[in-house]
1. Between the range 114-128 and the range 136-150, what is the C-alpha centre distance in whole Å?
2. Within the range 1-21, what residues put their amide N at less than 19 Å from the label point 7 Å along the Cα-to-Cβ vector of residue 68?
3. Over all Cα pairs of the range 34-108, how is the pair count split among 10 Å bins, expressed in % and running from 0 up to the last occupied bin?
4. What number comes out for the charge environment of residue 21, summing +1 per Lys or Arg and -1 per Asp or Glu over other residues with Cβ under 10 Å away?
5. If the chain were replaced by its equivalent ellipsoid, with semi-axes equal to the square roots of 5 times the Cα gyration tensor eigenvalues, what would those be, largest first, whole Å?
6. Rank-order 37-47, 15-25 by packing density, defined as the average count of other C-beta atoms within 10 Å over each peptide's residues, highest first.
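Values quoted throughout were computed directly from the atomic coordinates according to the rules given, and no laboratory measurement underlies them. Treat the numbers as computed from the prediction; the structure is a model and nothing was measured. So basically every Cβ, Gly included, is an ideal-geometry build from the backbone, and we count neighbours across all protein chains shown.
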Amino acid sequence: MKAVVQRVSEASVTVDGLVKGKIGRGFMVLLGVERGDSEAHGDYIADKLVKLRIFEDENGKMNLDIGSVGGDMLLISQFTLITDIPVGNRPYFGGAEAPERAEELYGYVCAGLEKRLGKPVQRGVFGAHMEVALTNDGPVTIVIDSRDKIK
C-alpha cells in the first residue's frame, strides 16, 4: 500500500455535486492498494498514520501526532498511486489490486484508523469520480509505502 499524507487545515471530497467527506485540521490521505497487499499492509499504514508526528509543538517542532492535536482524517482511495511508466508516457496500472479486494482493504484501513483514533474517519467513495479540495498546511506532504517494511 502507498499513502500520500497531506497535513491540511481543511479538506473535502465531493461526488456528483454532493460533499461526501469534510474535515478541518488533520490529514487528507490518498491510499493506493497494490496487488498482493494484505491486512498486515493495512495495519502498517494505519499505525504509521496515527503515530506520524508532523504537527508542531509549542517550540515549533514537528513533534505531535494527529491525536495530540485532536485532528481529523479524510481517506480517499486512489488506484493511480500504483502506477508504472515503463515505456513511453502512458501510465500502466497493472500493479493495482483488483477492485473488489482493494475496496475490502480500503475499508479495513478505514476501520483500523477509526479504532486507533477513537472517532470516525471521513471517506471518499471507492471507485467513484471524486473532486478533492484541500488547503495543505505547511505545505507538508509525506509518502508512506508499506512495502518498505513488509515484503
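1. If we compute the Cα centre of each part, the gap is 18 Å.
2. The answer is 5-9.
3. 16, 35, 27, 18, 4
4. On the way: positive: 20, 22, 123; negative: 72.
Net local charge, residue 21 excluded: +2.
5. Working: eigenvalues 119, 63, 49 Å².
Equivalent ellipsoid of the chain: 24, 18, 16 Å, largest first.
6. Numbers: 37-47: 19.4, 15-25: 14.0.
Put in order of decreasing packing, that is 37-47, 15-25.
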